[in-house]
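Engineer: Could you have a look at this structure, given as structure tokens, before my questions?
What follows draws every value from the coordinates through simple rules; no lab data is involved. All values reported here derive from a predicted model rather than from experimental measurement. Every residue, glycine among them, receives a Cβ derived from its backbone with ideal geometry; neighbour counts consider all protein chains shown.
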Amino acid sequence: MSSLPPVRGKLTPNAPLAPLVWFKSGGAAEWLFEPADADDLAAFLAALDPAVPVMGLGLGSNMIVRDGGVQGVVIRLGKAFASVEQLDETTLRCGGGASGILVSSKARDWGIGGVEFLRSIPGTVGGFVRMNGGAYGRETCDILVDCDIVLRSGERRVLANADLGYTYRHSNLPEGAIVVRATFRGFLKPSDAIQAEMDRIAAAREESQPLRSKTGGSTFKNPEGHKAWALVDAAGCRGLRRGDAQVSEKHCNFLLNLGEATSADIEALGEDVRARVKAQSGVELEWEIQRVGVAK
Ligand SMILES: Cc1cc2nc3c(=O)[nH]c(=O)nc-3n(C[C@H](O)[C@H](O)[C@H](O)COP(=O)(O)OP(=O)(O)OC[C@H]3O[C@@H](n4cnc5c(N)ncnc54)[C@H](O)[C@@H]3O)c2cc1C
């Protein structure tokens, strides 16, 4: 790519993505753009050659970045997109880069219940909206009213919940669209009861998941009528290794980078697991983790 449109934010060529994702593996972004605000993002995308691919990046908590890196422009929403405001008694307006912890903590402070589950999902509002992130019986589509997006063309749109075609861990967000803001609605609930629920969720997480590891969260979607972790376990994959990539002993729907794993190791381990599960139970596991970029 020879020249890119001028911006007010930060545009970095050949930017390593490994430090920005949970697995701590993978190659660089051809360009990394951290827009100053939504107008900066919209103007940039409108002027950018339409042939250049664009991808959003949150905390990289659900992502394998392949070792050859990501072509085109990766867009990361920084501080300018991390605000959380109260719109009315039960409604929050959140920047696309705000974390789940921040959103759920603000909701608690304002006595807005129903948002506690975001406490336990490491990610940003943009990632939650795109992935329909969920836990403990609730998911993003239960609280989303609407979201502001910037399309790949630079055009700005407001999408209502129904426009996103939500299903389990999936939305119809258009390719290359970036979520810059979302409105969430909960219900009135005393702050101390919200805090108690957040504590319960945090403790349950701590007990069942390798939270301080280099991982990408749940690797495979739960197939209809099954738990992915149980199928992986039954296929004998708990603790399975490939180089420094390992199926977690603690929660076997999590893959780990024990230190020096490449993204190729991690992805190949995931494919090994899929093949073993297919052979053992006949079930075809579907990746939940987004695998992006090109192999080396
Ligand atoms: C320890 C651990 C536990 C987890 N537990 C859960 C869980 O219980 N439930 C659950 O649902 N997930 C879980 N996850 C996965 C992950 O946290 C969620 O999928 C989360 O929604 C990802 O958010 P993110 O902002 O980090 O997105 P990323 O991982 O950076 O990206 C995920 C996808 O969203 C897109 N994206 C990111 N930001 C934007 C944006 N602003 N606009 C448009 N697209 C965007 C990316 O292009 C990519 O396709 C877990 C992960 C870890 C590491």
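Engineer: How about segment 147-185: which chymotrypsin sites (Phe, Trp or Tyr not before Pro) there are in a DSSP loop, with at most 16 other Cβ atoms within 10 Å of their Cβ? Provide the component values of the computation, followed by the final result.
Structural biologist: Working: sites: Tyr166, Tyr168, Phe184; in loops: Tyr166, Tyr168.
For chymotrypsin sites (Phe, Trp or Tyr not before Pro) across segment 147-185 that sit outside H, G, I, E and B with at most 16 neighbouring Cβ atoms in 10 Å, the list reads Tyr168.
Engineer: Rounded to the nearest 5, what is the percent of antiparallel bridges among the DSSP beta bridges in the chain? Could the numbers behind the result be given before it?
Structural biologist: Numbers: 41 of 52 bridges.
Within the chain, antiparallel bridges account for around 80 percent of the total.
Engineer: Something else: For segment 10-79, what is the charge dipole size about the Cα centre, in debye to the nearest 20, if Lys and Arg each add +1 at the Cβ and Asp and Glu each add -1 at the Cβ? Walk me through the numbers before you get to the answer.
Structural biologist: Values: 5 positive and 7 negative charges, 64 e Å.
Dipole of segment 10-79, to the nearest 20 debye: 300 debye.
Engineer: Which residue, Pro16, Pro53, Pro223, has the most motion in a Gaussian network model of the chain that connects Cα atoms within less than 10 Å?
Structural biologist: Highest fluctuation among the options: Pro223.
Engineer: Counting each DSSP H run of 4 or more residues in the chain as -39500 (n - 2.57), what helix-only mean residue ellipticity at 222 nm follows after dividing by all residues, to the nearest 500 deg cm²/dmol? Could the numbers behind the result be given before it?
Structural biologist: Working: 6 runs with 71 residues, N = 296.
My calculation for the chain gives -7500 deg cm²/dmol from helical runs alone.
Engineer: Continuing with the same structure: Take the alpha-carbon centre of segment 180-249, take the same for segment 265-286, and report the distance between them in whole Å.
Structural biologist: A separation of 19 Å, based on Cα centres.
Engineer: Could you tell me the relative contact order of the chain? Use alpha-carbon pairs under 8 Å, at least six residues apart, and round to a whole percent.
Structural biologist: Details: 678 pairs, mean separation 56.2, N = 296.
Worked out over the chain, it gives 19 percent.
Engineer: Follow-up. If you place +1 on the Cβ of every Lys and Arg, -1 on the Cβ of every Asp and Glu, and leave all else neutral, what size is the dipole of the chain about its Cα centre, to the nearest 20 Debye? Don't skip to the end; give the middle numbers.
Structural biologist: Values: 34 positive and 36 negative charges, 90 e Å.
Dipole of the chain, to the nearest 20 debye: 440 debye.
Engineer: For Tyr136, what charge total do you get from the other residues with a beta carbon under 12 Å from its beta carbon, if Lys and Arg give +1 and Asp and Glu give -1?
Structural biologist: Working: positive: Arg119, Arg138, Arg200, Arg205; negative: Glu116, Glu139, Asp142, Glu197.
My count for the surroundings of Tyr136 gives 0.
Engineer: Between the alpha-carbon centers of segment 100-179 and segment 1-67, tell me the distance in whole angstrom.
Structural biologist: Segment 100-179 and segment 1-67 have Cα centres spaced 20 Å from each other.
Engineer: Within the set Lys214/Lys278; Lys79/Lys227; Lys189/Lys214; Lys189/Lys227; Lys189/Lys250; Lys10/Lys221, which residue pairs have Cα atoms separated by over 29 Å? Could you put the intermediate results ahead of the total?
Structural biologist: Values: Lys214/Lys278 26 Å; Lys79/Lys227 37 Å; Lys189/Lys214 35 Å; Lys189/Lys227 32 Å; Lys189/Lys250 34 Å; Lys10/Lys221 35 Å.
The pairs that break the limit, which is 29 Å between Cα atoms, are Lys79/Lys227; Lys189/Lys214; Lys189/Lys227; Lys189/Lys250; Lys10/Lys221.
Engineer: Next question. Count neighbours as other Cβ atoms within 10 Å of each site's Cβ, and list the GluC sites (Glu not before Pro) in segment 40-119 that are DSSP loop with at most 15 such neighbours. Each step should come with its number before you reach the end.
Structural biologist: Values: sites: Glu85, Glu89, Glu116; in loops: Glu89.
Passing both the DSSP loop test and the Cβ count: Glu89.
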